[in-house]
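Structure record follows, encoded as structure tokens.
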Amino acid sequence: MKTILHISKYYYPDLGGIETVAMYLAEGMTAYRNVVICFATDGIYSEEDIHGVKVYRVPVKFSFMSQDVAFSYRTILRQLVQQERPDVVHVHCPNPFVYPLVCSCISRETKLVLHWHSDILAKGLIYHLVKPFETAILKRADIIISTSPNYIPNSKPLQRFIGKVRVAQNGLITERFDLQDGDEEKIREIREQYKDKKIVFTCGRHIPYKGLDNLIKADAYIQGDCVILIGGKGPIDKELKAIPCSGRVKFLGRLLDDTLRHYLHAADIFAFPSNTKAEAFGIALAEAMYCRCAPVSYTIEGSGVNWVSVDKETGIVVQLNDIKALAEAIDTLIADNSLRNCYAEAARKRIVENFTKEKAIAVINSIYDEI
């Protein structure tokens with residue numbers, strides 16, 4: 001059995017969008033033996049077995065510009081390559097600290113797959129320092145995986161290597177969002193709490209590119225009877241809460257998985273106002289669509305968001321950063337139950353047919369067959 005060494009910044013139980021993809025690939029690519037190396041968020045080196053996957057965690061010494069640095073990483077990676085003898089190394093990008101280490105530690109016979117979740121967003125001097133290592137690993141790669149066809153034409157680093165680029169969608173772990181025993185009562189309680197007003201819901205990390213300021217400002221233009229519920233936390237919490245708005249805008253804080261599922265099923269409309277290509281795919285959007293929550297989103301050039309939700313098919317997509325258009329789209333869905341339900345059903349169907357983890361794993365397996 002061939003071995004894959006997955007290199008991810010973090011791994012379960014530390015979960016974000018990239019970490020979720022790394023987990024379902026490591027657990028789901030059962031034709032291979034799967035091993036993971038990642039950073040240890042607690043500063044302690046460890047080796048553990050998680051759901052049949054051997055996971056090595058390397059302690060971090062410090063972080064710089066959102067990049068973790070581990071002095072022992074090279075030594076541990078080299079030992080791991082010698083010990084596990086991987087046939088394929090699968091690197092989840094961006095993670096520029098590991099790029100030169102991977103290039104120096106693996107042999108020419110080892111296949112290298114880069115999972116290109118996003119370009120490096122830092123510009124200026126920082127990117128100038130990183131770019132040579134990025135270019136080197138792109139040259140070395142056998143296959144580069146983009147998470148959407150939309151991302152490829154607008155990614156400058158990928159243009160020189162377009163012949164090696166393939167598309168593999170991110171996949172939703174649907175069982176996390178299927179209704180469970182007791183959920184219907186919780187969903188009913190949420191709806192009753194807001195006296196059966198239409199619920200406009202959004203959830204995510206509170207950072208600038210999520211565009212939550214636009215949603216809050218749209219409150220002034222929304223005419224329909226609704227509440228606007230904002231889940232999540234982040235570094236711009238205070239700034240968001242300082243934006244003038246009506247009492248129907250409510251901040252829910254960080255939501256546990258079960259509670260998030262309840263709100264997604266209780267909501268009528270999912271507002272997804274992310275407004276830069278830093279939102280490379282939109283996994284939160286896919287989660288809402290799977291739960292039959294009709295989405296409203298922005299047009300983002302070079303982002304997979306507009307691949308996940310299609311305008312006037314699964315929801316409404318409006319001009320980037322147009323706050324009034326965002327409000328009008330929400331009003332349209334508040335006023336037209338038939339249209340909203342039509343989009344909601346089409347949204348779930350699109351996720352089931354295209355964006356489940358099973359679909360994603362099948363595509364990745366076919367890409368691996370090439371190499």
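Here are some notes:
- Members of the range 1-56 found to be touching an Asp or Glu at 6+ places or on another chain (Cβ under 7 Å) and among the polar types (S, T, N, Q), listed by number: T3, S8, T41
- Hits in the range 258-279 (condition: surrounded by 17 or more Cβ atoms within 10 Å (Cβ to Cβ) and out of contact with any strand residue (DSSP E or B) (no Cβ under 9 Å at 6 or more places or on another chain)): R261, H262, H265, T276, K277
- Listed by position, the helices (runs of 4 or more DSSP H) enclosed by the range 208-304 that each have at least 1 residues that are closer than 17 Å to V318 by Cα and charged (D, E, K, R) are 212-218.
- Counting only strands (runs of 3 or more DSSP E) that sit completely within the range 106-202, zero hold 1 or more residues that are buried (at least 20 other Cβ atoms within 10 Å of the Cβ), among the acidic types (D, E) and touching a helix residue (DSSP H, G or I) at 6+ places or on another chain (Cβ under 8 Å).
- Filter result (surrounded by fewer than 20 Cβ atoms within 10 Å (Cβ to Cβ) and of a type outside the set (A, V, I, L, M)) within the range 312-338: K312, E313, Q319, N321, D322, K324, E328, D331, T332, D336, N337, S338
- Count of the range 54-71 residues which are crowded, with 21+ Cβ neighbours inside 10 Å and touching a Lys or Arg at 6+ places or on another chain (Cβ under 9 Å): 2
- Of residues in the range 72-102 being basic (K, R) and not in a loop (DSSP other than H, G, I, E, B), the one surrounded by the most Cβ atoms within 10 Å (Cβ to Cβ): R74
- Inter-residue pairs, beta-carbon under 6 Å, first in the same structural domain as V88 (by TED's automatic domain parsing) and in the range 33-55, second assigned to a strand (DSSP E or B) and loosely packed, with under 13 Cβ neighbours inside 10 Å, 6+ apart: V55/E48
- Evaluating R205 against the criteria (1) at pLDDT below 95; (2) assigned to a helix (DSSP H, G or I); (3) of a type in the set (D, E, K, R) leaves one unmet condition, (2).
- Considering the range 221-257, the residues that are touching a residue at least 60 places away in the same chain (Cβ under 8 Å) and surrounded by 13 or more Cβ atoms within 10 Å (Cβ to Cβ) include one that is farthest from N337 (Cα to Cα), namely Y221.
The values are calculated or read from the model by the stated rules, or taken from the named source; none is laboratory data. Being a predicted model, the structure only gives us computed values, none of them experimental. Don't worry about glycine lacking a Cβ; one is built from the backbone with ideal geometry, like all the others, and counts go over all protein chains shown.
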